[in-house]
Amino acid sequence: MSPLLEIEGLRVTHDGKPIVDGVDLTLEPGEALALAGESGCGKTTTALATMRLLPPSLEQSGVITLRPEGVAEPINIGRRTETGMRLVRWRHISLVFQGAMNSLDPVQRVGRQLAEAIRLHERASSAELAARIAELLETVGLTAGVGDRYPHELSGGQRQRVMIALALACRPSLVIADEPTTALDVVMQAQVLQLLERLREELGLALILISHDLGVLAETCDRIAVMYAGRIVEIGAVDGVFAAPQHPYTKLLLDSLPVIGDERGLAAAIPGAPPHPGEPPPGCRFRPRCPFSGDRCDVDPDRREVGPRHEAACHYAPWERWPEIEPAAAGEGGAA
Amino acid sequence: MSEIQGGEIGMGETLMSVSDVEVRFEARRRTARALDGVSLEWRPGEILGVVGESGCGKSTLARAMLGLQPTTAGQLSLSGGVVSSKDEQRALRMRVQMIFQDPYQSLNPRQRVAAIVTEPLKVQGVPKEEHDGRVRRAMSDVGLDPERYLDRYPHQLSGGQRQRVAIATALVLDPDGLICDEPVSMLDASVRAQILKVLVGLQKERGLALIFITHDLSLAWSLCDRIAVMYLGRVVEEGDAADVIERPRHPYTQALVTAIPVAVPGGGGRRELLKGELPDPTAVPPGCRFHPRCPRRFEPCDRVDPELVETGAPGQRAACLLYDPTVARPDGGG
């Protein structure tokens with residue numbers, strides 16, 4: 001089976017300086033891929049580039065190929081005209097972005113906004129439209145009555161569900177969700193994540209989920225890609241990466257999370273701050289912050305296979321055992 | 001909510017105590033019960049976690065504790081003495097400080113760091129000759145080199161550095177307590193751990209008492225001594241942090257803990273999630289305020305409003321009829 005989405009050598013630059021610096025990834029139909037990393041590492045830029053929604057000040061290069069089911073020719077996203085992209089966006093790939101729940105039109109009823117999204121891509125009689133809207137709302141766990149309401153009459157969680165319904169309106173094969181639950185609390189967050197999981201099962205939807213919350217990603221995704229300073233530094237099955245991370249950055253990110261049931265106390269901090277992807281340090285980008293670095297780190301490492309379907313950009317991977325580090329080494333100075 | 005009497009809980013000292021505090025907001029001729037009889041003790045040098053969903057009243061509680069939010073009932077005490085007069089409120093604000101979630105909005109963009117950190121000293125009338133020394137010490141305490149940072153403007157700082165400046169501003173008056181309203185929820189993993197290290201370091205080295213107001217239960221579990229869980233304007237469970245999160249007693253706390261995303265693959269599994277949302281505080285349900293969403297509700301829950309009662313574990317109390325010895329439980333067990 002050929003992948004649904006293939007990104008090869010994606011670069012995004014601003015005034016010649018890279019923000020995303022060579023991202024390669026593939027996504028199978030129905031697969032859920034997690035995109036992890038700290039702010040500024042290029043997660044959102046990668047997502048927007050995939051939709052060709054970057055602002056004009058940014059330039060993107062590289063090849064992005066989409067092969068939706070039932071479409072004979074693969075879609076070359078990089079080479080489509082803007083008009084051509086309009087036929088792809090929302091129809092084949094759609095986006096639920098951070099704080100999206102505040103981007104609903106405040107003066108239009110929810111049902112009307114859904115109707116517009118459906119009508120963009122297909123003709124439907126008003127009876128068909130009404131049925132589709134009711135069905136969409138039901139799919140995301142809302143009652144049909146919500147269609148008659150205005151956004152301000154809904155809670156944050158309900159609005160986020162409406163945004164997901166909008167993203168699903170044209171039955172896309174891929175949904176990119178950028179921090180879809182960040183503004184919600186635990187209970188609401190768990191409800192929305194459970195909804196995304198159910199939609200994947202029922203609709204065979206592929207999902208790229210972007211979050212800084214590794215817990216959210218672990219629960220929802222099959223594979224995870226960890227980004228650092230504009231690149232993917234580790235990618236593999238969620239189980240494998242969480243059980244045995246192979247890039248020091250992933251390892252330290254996981255260590256910085258409290259896990260209920262383990263030992264309580266202050267989690268280890270990663271010293272320093274990430275570099276701007278346009279001004280990376282020489283050699284390995286993570287070297288200045290890496291407690292495990294050695295002589296080989298003078299050379300910028302390529303991402304390579306370090307286990308079954310598991311890749312990492314670290315000279316010393318696969319790590320048999322992580323060396324003990326002094327916890328005191330972390331978090332000094334005012335670099336944060 | 002009358003069973004909490006001044007000296008009853010723990011004979012030890014308290015830094016601050018809150019008894020039966022109420023805050024009402026008037027909205028379109030309806031009254032929102034933002035705080036509906038909250039009682040809480042905060043001990044010297046203690047890290048107390050206040051957790052709950054947004055809208056449960058945790059931030060309102062923080063504001064009320066500092067006298068920034070008018071209360072309609074109840075009282076605040078500082079080291080055992082009731083806070084009521086203007087002078088007492090002023091003393092309270094010297095000894096207890098607060099930092100907020102968004103370090104981007106809480107610093108004046110037109111002032112240099114030096115002026116921002118000095119401001120509280122001016123407001124509280126601290127003699128001028130002490131300013132420089134205290135400002136430099138506060139900066140060093142949060143891990144910012146005064147030489148490098150005092151002349152900068154907020155926009156020249158990263159998010160983590162801004163939060164450090166906010167903490168320095170709170171520390172400069174040498175308070176006994178610091179209330180932190182979601183102090184790290186907007187920060188990335190590495191910065192987050194660094195800020196937490198600063199806060200916990202202050203607690204260890206200076207004996208600074210902390211309140212963490214957060215919706216992040218794992219964070220509260222990992223760092224707090226005690227946790228109070230709020231629901232719809234009231235504390236529904238409190239106790240030792242490990243007990244409350246690892247062995248929650250109130251069905252609401254149990255539901256919250258179930259919803260925590262676990263950074264272990266498949267760790268969450270299929271689980272029973274709480275249905276619905278936090279009710280509108282203008283329409284607090286009768287009886288137990290949690291009963292419409294509660295998976296374990298039984299006969300009297302829709303008419304009897306439960307008080308905090310002991311649940312068996314020392315100091316762990318829950319406002320739930322399952323633990324009330326005077327109410328017959330449906331299954332005869334807990």
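Whether any residue in segment B:164-182 is of a type in the set (D, E, K, R) and without any contact (Cβ under 8 Å) to a residue 12 or more places away in the chain is what I want to check.
So in segment B:164-182, the residues of a type in the set (D, E, K, R) come out as B:164, B:174, B:176, B:181-182.
Still in the list and also without any contact (Cβ under 8 Å) to a residue 12 or more places away in the chain: none.
Looking for residues that are of a type in the set (D, E, K, R) and without any contact (Cβ under 8 Å) to a residue 12 or more places away in the chain, one finds none in segment B:164-182, hence no.
Select from segment B:190-228 the residues that are within 22 Å of residue B:143 (Cα to Cα) and among the basic types (Lys, Arg) and write down the one among them that is surrounded by the most Cβ atoms within 10 Å (Cβ to Cβ).
B:192
Out of everything in segment B:72-104 that is among the hydroxyl-bearing types (Ser, Thr, Tyr) and more than 17 Å from the chain's Cα centre (by Cα), what residue ends up being modelled with the lowest pLDDT?
First pass over segment B:72-104, keeping only residues among the hydroxyl-bearing types (Ser, Thr, Tyr): B:72, B:77, B:79, B:84-85, B:104.
Those still in the list that are more than 17 Å from the chain's Cα centre (by Cα) too: B:72, B:79, B:84-85, B:104.
Details: B:72: 94, B:79: 91, B:84: 88, B:85: 89, B:104: 72.
In this case the residue turns out to be B:104.
Please tell me if residue A:302 is among the acidic types (Asp, Glu), part of a loop (DSSP other than H, G, I, E, B) and closer than 28 Å to residue A:3 by Cβ. Write out each step before concluding.
Working: among the acidic types (Asp, Glu): yes; part of a loop (DSSP other than H, G, I, E, B): yes; closer than 28 Å to residue A:3 by Cβ: yes.
Yes: the conditions hold for residue A:302.
Would a scan of segment A:6-27 turn up a residue that is closer than 27 Å to residue A:274 by Cβ, modelled with pLDDT of 95 or more and exposed (fewer than 14 other Cβ atoms within 10 Å of the Cβ)?
yes
Give the residue that is modelled with the lowest pLDDT, with candidates limited to residues of segment A:247-271 that are open to solvent by less than 20 Å² (accessible area, probe 1.4 Å) and either of a type outside the set (Ser, Thr, Tyr) or in contact with a Ser or Thr (Cβ under 8 Å, 6 or more places away or on another chain) (or both). Let's see the steps before the verdict.
Step one: of segment A:247-271, the residues open to solvent by less than 20 Å² (accessible area, probe 1.4 Å) are A:247-250, A:252-253, A:256, A:269-270.
When the remaining residues are screened for being either of a type outside the set (Ser, Thr, Tyr) or in contact with a Ser or Thr (Cβ under 8 Å, 6 or more places away or on another chain) (or both), the result is A:247-248, A:252-253, A:256, A:269-270.
Working: A:247: 97, A:248: 96, A:252: 92, A:253: 91, A:256: 87, A:269: 81, A:270: 86.
Residue satisfying both the conditions and the ranking: A:269.
Looking at A:73, A:38 in this structure, which one is touching a residue at least 40 places away in the same chain (Cβ under 8 Å) and either within 16 Å of the chain's Cα centre (by Cα) or under 21 Å from residue A:172 (Cβ atoms) (or both)? Give the steps one after another, and end with the answer.
On the way: A:73 fails: touching a residue at least 40 places away in the same chain (Cβ under 8 Å).
Selected residue: A:38, the only one of A:73, A:38 that is touching a residue at least 40 places away in the same chain (Cβ under 8 Å) and either within 16 Å of the chain's Cα centre (by Cα) or under 21 Å from residue A:172 (Cβ atoms) (or both).
Taking segment B:143-155, which residues are in contact (Cβ under 8 Å) with a residue 40 or more places away in the chain and more than 8 Å from chain A (Cβ to nearest Cβ)?
From segment B:143-155, those in contact (Cβ under 8 Å) with a residue 40 or more places away in the chain are B:143, B:152-155; that's our starting set.
Within segment B:143-155, B:152, B:153, B:154, B:155 meet the criteria.
Restricting attention to segment A:28-79, report how many residues are acidic (Asp, Glu) and surrounded by fewer than 17 Cβ atoms within 10 Å (Cβ to Cβ). Lay out the reasoning, then the answer.
Taking segment A:28-79 as the starting set, the residues that turn out to be acidic (Asp, Glu) are A:28, A:31, A:38, A:59, A:69, A:73.
This time we only want the ones that are surrounded by fewer than 17 Cβ atoms within 10 Å (Cβ to Cβ), so: A:28, A:59, A:69, A:73.
Adding up the residues that qualify gives 4.
Kindly indicate whether residue B:287 is more than 11 Å from every other protein chain (Cβ to nearest Cβ) and under 20 Å from the mean Cα position of the chain (by Cα). Step through it out loud before you land on a result.
Details: more than 11 Å from every other protein chain (Cβ to nearest Cβ): yes; under 20 Å from the mean Cα position of the chain (by Cα): no.
It is false that residue B:287 is more than 11 Å from every other protein chain (Cβ to nearest Cβ) and under 20 Å from the mean Cα position of the chain (by Cα).
Restricting the search to segment B:1-30, which residues are over 18 Å from residue B:74 (Cα atoms) and modelled with pLDDT of 85 or more?
Filtering segment B:1-30 for residues over 18 Å from residue B:74 (Cα atoms) gives B:10-13, B:26-30.
Residues satisfying the conditions are B:13, B:26, B:30.
Taking residue B:125 as the residue in question, decide whether it is outside any helix (DSSP H, G or I), without any contact (Cβ under 8 Å) to a residue 12 or more places away in the chain and away from every other protein chain (no Cβ under 14 Å). Lay out the reasoning, then the answer.
On the way: outside any helix (DSSP H, G or I): yes; without any contact (Cβ under 8 Å) to a residue 12 or more places away in the chain: yes; away from every other protein chain (no Cβ under 14 Å): yes.
Here the answer is yes, as residue B:125 does meet what is asked.
Which count do you get for residues in segment B:76-97 that are assigned to a strand (DSSP E or B) and loosely packed, with under 14 Cβ neighbours inside 10 Å?
Start the filter on segment B:76-97 by keeping residues that are assigned to a strand (DSSP E or B), which leaves B:76-78, B:81-83, B:96-97.
Remaining after also requiring loosely packed, with under 14 Cβ neighbours inside 10 Å: B:81-82.
Number satisfying all stated conditions: 2.
For the condition within 14 Å of chain A (Cβ to nearest Cβ) and out of contact with any strand residue (DSSP E or B) (no Cβ under 8 Å at 6 or more places or on another chain), what is the one hit in B:54, B:85? Explain how you work it out, then say what you get.
Working: B:85 fails: within 14 Å of chain A (Cβ to nearest Cβ).
Matching residue, one of B:54, B:85: B:54.
Out of A:140, A:63, A:107, I need the residue that is modelled with pLDDT under 90 and assigned by TED's automatic domain parsing to the domain that holds residue A:163. Which one?
Values: A:63 fails: modelled with pLDDT under 90; A:107 fails: modelled with pLDDT under 90.
Among A:140, A:63, A:107, only A:140 is modelled with pLDDT under 90 and assigned by TED's automatic domain parsing to the domain that holds residue A:163.
What is the number of the single condition among (1) free of Cβ contacts under 8 Å to residues at least 24 places away in the same chain; (2) under 21 Å from residue B:245 (Cβ atoms) that residue B:54 does not meet?
It fails just one condition, (1).
Could you name every one of the helices (runs of 4 or more DSSP H) located completely within segment A:178-281 that has at least 1 residues being more than 7 Å from chain B (Cβ to nearest Cβ), more than 14 Å from the chain's Cα centre (by Cα) and over 30 Å from residue A:159 (Cα atoms)?
A:238-243, A:248-255
Filter segment A:282-292 for residues that are free of Cβ contacts under 8 Å to residues at least 40 places away in the same chain and in a loop (DSSP other than H, G, I, E, B); which is nearest to the other protein chains (Cβ to nearest Cβ)?
A:284
Only one of these conditions is not met by residue A:38: (1) in a strand (DSSP E or B); (2) under 17 Å from residue A:210 (Cα atoms). Which number is it?
Here residue A:38 clears every test but (1).
What is the residue count in segment B:292-307 for residues that are within 15 Å of residue B:235 (Cα to Cα) and either more than 22 Å from the chain's Cα centre (by Cα) or surrounded by 22 or more Cβ atoms within 10 Å (Cβ to Cβ) (or both)?
First pass over segment B:292-307, keeping only residues within 15 Å of residue B:235 (Cα to Cα): B:305-307.
Subset that is either more than 22 Å from the chain's Cα centre (by Cα) or surrounded by 22 or more Cβ atoms within 10 Å (Cβ to Cβ) (or both): B:305-306.
So the answer is 2.
Checking residue B:254 against (1) open to solvent by 40 Å² or more (accessible area, probe 1.4 Å); (2) assigned to a helix (DSSP H, G or I); (3) within 9 Å of another protein chain (Cβ to nearest Cβ), only one condition comes out false. Which one?
Evaluating residue B:254 over (1) open to solvent by 40 Å² or more (accessible area, probe 1.4 Å); (2) assigned to a helix (DSSP H, G or I); (3) within 9 Å of another protein chain (Cβ to nearest Cβ) leaves (3) as the failure.
Are any of the residues in segment B:322-334 in a helix (DSSP H, G or I) and under 26 Å from residue B:48 (Cα atoms)?
Within segment B:322-334, the subset in a helix (DSSP H, G or I) is B:322-323.
Going one step further and asking which of them are under 26 Å from residue B:48 (Cα atoms), we end up with B:322-323.
Yes, segment B:322-334 has at least one match.
Taking the criterion of being of a type in the set (A, V, I, L, M) and more than 8 Å from chain A (Cβ to nearest Cβ), would at least one residue in segment B:262-272 satisfy it? So that I can check it myself, show each step before the final result.
At the first step, the residues of segment B:262-272 found to be of a type in the set (A, V, I, L, M) are B:262-264.
Next, only the ones that are more than 8 Å from chain A (Cβ to nearest Cβ) stay: none.
The answer is no, given that none of the residues of segment B:262-272 is of a type in the set (A, V, I, L, M) and more than 8 Å from chain A (Cβ to nearest Cβ).
How many residues does segment B:308-334 contain that are surrounded by fewer than 16 Cβ atoms within 10 Å (Cβ to Cβ) and of a type in the set (S, T, N, Q)?
1
Residues are listed down the side, and each one gets a yes or a no for (1) at negative phi; (2) charged (D, E, K, R):
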| site | (1), (2) |
| --- | --- |
| B:28 | no, yes |
| B:35 | yes, no |
| B:58 | yes, yes |
| B:68 | yes, no |
| B:88 | yes, yes |
| B:95 | yes, yes |
| B:111 | yes, no |
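The values are calculated or read from the model by the stated rules, or taken from the named source; none is laboratory data. Owing to the predicted nature of the structure, the values given are computational and were not obtained by experimental measurement. Heads up, the Cβs are rebuilt from the backbone with ideal geometry, glycines too, and the neighbour counts pull from every protein chain shown. The protein model used for the area step is the full one, side chains on, heavy atoms only, and it has no ligands, DNA or RNA in it. Shrake-Rupley method; radii C 1.70, N 1.55, O 1.52, S 1.80 Å.
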